[in-house]
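Novice: Quick one: the structure is below, questions incoming.
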Amino acid sequence: GKDNMDDCIILENYIAGMFVPCKRLLDSHDPSTGKVWAKIPDSGKLEIDAAVAAAKRAFPGWSALSAHQRAQHLLRVADLLESRLDEFAEAESRDQGKPLWLAKTMDIPRAVLNLRHFAHTIPHQLNTSSVQPEPGVFNYTIRESVGVAGLVSPWNLPLYLLTFKLAPAIMCGNTVVAKPSEMTSVTAHMLCKLLNETEFPVGVVNMVFGVGLSAGAALVSHPNVPLVSFTGSTITGRHIASAAATHFKKVSLEMGGKNAALVFSDCDLDACLNTLKRSAFINQGQVCLCTSRIFVQRGIYDEFLEKFVAIARDIKVGPPTDPNVFLGALNSQPHLDKVRKYVQYAIDDGGSVLCGEGVDNLILPREYQNGYYMRPTVITDVGDETRCMQEEIFGPVVCVSVFESEGEAVDRANNTKYGLCASVWTSNVGVAHRVAHKLKVGTVWTNCWLVRDLDMPFGGVKESGVGREGTQESLQFFTEPKTICTKIV
């Protein structure tokens, strides 16, 4: 039913190179219309057990290949994915709610890059060695594949974040059981078809669809899954950490953020506003790195606020297929309800809603009126301890506050249980570095945002996560080092 998009797509689990139907199915909605467009397997322990068994069977053969041989398999998939970019982007936009242009320019190209990057870089990692003259020995290390990796990926950047885990996991010689979000499983299913087209070795990648409480829980607590890599909410991450702890699994968790922008009076205000439009609202504000708190120095606060509200008001919200739309639909009805609830919390806590939800009307074409849309919303006058300043909203909602001094800005930016990223806006190099050193986050961007180098470590501190991802960091996570010591004298 892929040609006629009105038909419902029915997904099947992908286990040992075969598509396996599931008796129980879940509805997956098209966020732009609110209609069901796909049916997802509602998998549980049974399906996870079958997938883990398949991955375990495939592990000896796959891990015995050289990194170069594994790379050849992965690069074939990358080439095929790139050749189907438009088809994948259309499915991602339809499934997730994001604008089609964004899926075409960000999500699918980044998924292709993830596959290529790790295929090209992992084979060139050097082992460490050391000669100790006193005892007369030579030491060297090798990095060994671990086994079956359980990968749990979220609904905001579905194929982008799945491939960011999948590529290093299999390049390091592990086999995989992946559980994408039940809200956005379609591109993962399409990826499995590409694996079969390229005759990818059977059982190396297995995909089980379902909800976290059944499929996800069975995967992360499975005794034969020594590695778990997760991106998603802090609440789910906490469950995964405790389930994995009893088995002493290696766990990597990339979780929520409450990211601050610190805007100093001496910054290039136009460049700053232009980037903050993206950092606050791109992907409907549903990026873990999105800016949700903006601290502006007193000298430019009034001008900043006036211009930023005008920009937010001007943003076009509507059907994801419209090329002029900057904000598509939020991912689900329960999520939209949650984000709206936070706007109400802001009002309850004494805040002012300057534009967006409840202030400006949203006019949509008739067939999209049941979609999960929301206008960019700017809030002021909320105290640092209020819910909107402390809790992750994960929508197109941003709170703006005024600050006086550098020290105050740093203290207030750090006043949250999260620590994923921050951006600093200033023309003073000293201020930029001093502030960056003091912010308790995993990444600081100065006068830019979301410029990503896959060679750099990515992840958060505090409740934003444990571990890092990137060329070196993913290699370390997905392998175990072994030291070999040989007497030479």
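Novice: For the list (1) polar (S, T, N, Q); (2) open to solvent by less than 40 Å² (accessible area, probe 1.4 Å); (3) in a loop (DSSP other than H, G, I, E, B), I need the number of the one condition that Thr121 fails.
Specialist: Failing condition for Thr121: (3).
Novice: Next up: Would you be able to tell me the number of residues in the stretch 242-260 that are among the polar types (S, T, N, Q), open to solvent by 10 Å² or more (accessible area, probe 1.4 Å) and either touching a helix residue (DSSP H, G or I) at 6+ places or on another chain (Cβ under 7 Å) or assigned to a loop (DSSP other than H, G, I, E, B) (or both)?
Specialist: 1
Novice: Does Ile315 satisfy the condition of being surrounded by 17 or more Cβ atoms within 10 Å (Cβ to Cβ) and closer than 27 Å to Met183 by Cα? Please lay out each step first, then the result.
Specialist: Working: surrounded by 17 or more Cβ atoms within 10 Å (Cβ to Cβ): yes; closer than 27 Å to Met183 by Cα: yes.
Against the criterion (surrounded by 17 or more Cβ atoms within 10 Å (Cβ to Cβ) and closer than 27 Å to Met183 by Cα), Ile315 qualifies.
Novice: When you check Val131 against the structure, is it in contact with a Phe, Trp or Tyr (Cβ under 9 Å, 6 or more places away or on another chain), open to solvent by 50 Å² or more (accessible area, probe 1.4 Å), among the aliphatic types (A, V, I, L, M) and modelled with pLDDT of 95 or more, yes or no? Outline the logic, then answer.
Specialist: Details: in contact with a Phe, Trp or Tyr (Cβ under 9 Å, 6 or more places away or on another chain): yes; open to solvent by 50 Å² or more (accessible area, probe 1.4 Å): yes; among the aliphatic types (A, V, I, L, M): yes; modelled with pLDDT of 95 or more: yes.
When the stated conditions are applied, Val131 passes them.
Novice: Can you list residue pairs whose Cβ atoms sit under 6 Å apart, with the first residue in the stretch 442-466 being closer than 22 Å to Ile294 by Cα and the second being of a type in the set (Val, Ile, Thr) and open to solvent by less than 40 Å² (accessible area, probe 1.4 Å)? Count only pairs 6 or more apart in sequence or on different chains.
Specialist: Once the first residue is closer than 22 Å to Ile294 by Cα and sits in the stretch 442-466, its partners that are of a type in the set (Val, Ile, Thr) and open to solvent by less than 40 Å² (accessible area, probe 1.4 Å) give Thr446/Val424; Trp449/Thr275; Glu463/Thr234.
Novice: Does at least one position in the stretch 307-317 carry a residue that is out of contact with any strand residue (DSSP E or B) (no Cβ under 8 Å at 6 or more places or on another chain) and within 19 Å of Asp381 (Cβ to Cβ)?
Specialist: Looking only at the stretch 307-317, we keep the residues that are out of contact with any strand residue (DSSP E or B) (no Cβ under 8 Å at 6 or more places or on another chain), and these are 307, 310-311, 314.
Next cut, within 19 Å of Asp381 (Cβ to Cβ) only: 307, 310.
Within the stretch 307-317, one or more residues are out of contact with any strand residue (DSSP E or B) (no Cβ under 8 Å at 6 or more places or on another chain) and within 19 Å of Asp381 (Cβ to Cβ).
Novice: Starting from the stretch 59-78, take each residue that is closer than 11 Å to Ala119 by Cβ and list its partners that are β-branched (Val, Ile, Thr), counting only C-beta distances under 6 angstrom and pairs at least six apart or across chains.
Specialist: Here the result reads Ala67/Ile122; Arg76/Thr198; Val77/Thr198; Ala78/Val112, each pair linking the stretch 59-78 to a residue that is β-branched (Val, Ile, Thr).
Novice: Here's a follow-up. Just one of the numbered conditions (1) touching a residue at least 12 places away in the same chain (Cβ under 8 Å); (2) open to solvent by 10 Å² or more (accessible area, probe 1.4 Å); (3) part of a strand (DSSP E or B) is not true of Trp155; which one?
Specialist: (3)
Novice: For Tyr368, all conditions in the list (1) in contact with a strand residue (DSSP E or B) (Cβ under 9 Å, 6 or more places away or on another chain); (2) open to solvent by less than 50 Å² (accessible area, probe 1.4 Å) hold save one; what is the number of the exception?
Specialist: All conditions are met except number (1).
Novice: For the stretch 208-241, name all the residues that are over 11 Å from Val177 (Cβ atoms) and in a loop (DSSP other than H, G, I, E, B).
Specialist: Within the stretch 208-241, Phe209, Gly210, Val211, Ser221, Pro223, Pro226, Gly232, Ser233 meet the criteria.
Novice: Could you check the stretch 266-286 and list, in sequence order, the residues that are of a type in the set (A, V, I, L, M, F, W, C) and open to solvent by 10 Å² or more (accessible area, probe 1.4 Å)?
Specialist: At the first step, the residues of the stretch 266-286 found to be of a type in the set (A, V, I, L, M, F, W, C) are 267, 269, 271-273, 276, 280-282.
Matches in the stretch 266-286: Cys267, Leu269, Ala271, Ile282.
Novice: Follow-up. Looking at (1) over 17 Å from Gly216 (Cα atoms); (2) among the small types (Gly, Ala, Ser); (3) in a helix (DSSP H, G or I); (4) more than 13 Å from the chain's Cα centre (by Cα), which one does Ala111 not meet, given that it meets all the others?
Specialist: For Ala111, the exception is condition (4).
Novice: What number goes with the only condition from (1) surrounded by fewer than 23 Cβ atoms within 10 Å (Cβ to Cβ); (2) in a loop (DSSP other than H, G, I, E, B) that Thr184 does not pass?
Specialist: Exception for Thr184: condition (1).
Novice: Condition check: open to solvent by less than 20 Å² (accessible area, probe 1.4 Å) and either closer than 22 Å to Leu25 by Cβ or under 22 Å from the mean Cα position of the chain (by Cα) (or both). Does Val263 satisfy that? Please lay out each step first, then the result.
Specialist: Values: open to solvent by less than 20 Å² (accessible area, probe 1.4 Å): yes; either closer than 22 Å to Leu25 by Cβ or under 22 Å from the mean Cα position of the chain (by Cα) (or both): no.
It is false that Val263 is open to solvent by less than 20 Å² (accessible area, probe 1.4 Å) and either closer than 22 Å to Leu25 by Cβ or under 22 Å from the mean Cα position of the chain (by Cα) (or both).
Novice: State whether the residues of the stretch 294-302 include one that is over 23 Å from the mean Cα position of the chain (by Cα), free of Cβ contacts under 8 Å to residues at least 24 places away in the same chain and in a helix (DSSP H, G or I). Talk me through it step by step, then tell me what you get.
Specialist: Of the stretch 294-302, the ones over 23 Å from the mean Cα position of the chain (by Cα) are 295-302.
If we keep only those that are free of Cβ contacts under 8 Å to residues at least 24 places away in the same chain as well, we get 302.
Those left that are additionally in a helix (DSSP H, G or I): 302.
For the stretch 294-302, residues over 23 Å from the mean Cα position of the chain (by Cα), free of Cβ contacts under 8 Å to residues at least 24 places away in the same chain and in a helix (DSSP H, G or I): present.
The values are calculated or read from the model by the stated rules, or taken from the named source; none is laboratory data. Keep in mind the model is a prediction, meaning the values are calculated, not measured. Every residue, glycine as well, gets a Cβ built from its backbone with ideal geometry; the counts of neighbours run over all protein chains shown. What goes into the accessible areas is simple: the full protein's heavy atoms, side chains included, and nothing from ligands, DNA or RNA. Shrake-Rupley method; radii C 1.70, N 1.55, O 1.52, S 1.80 Å.
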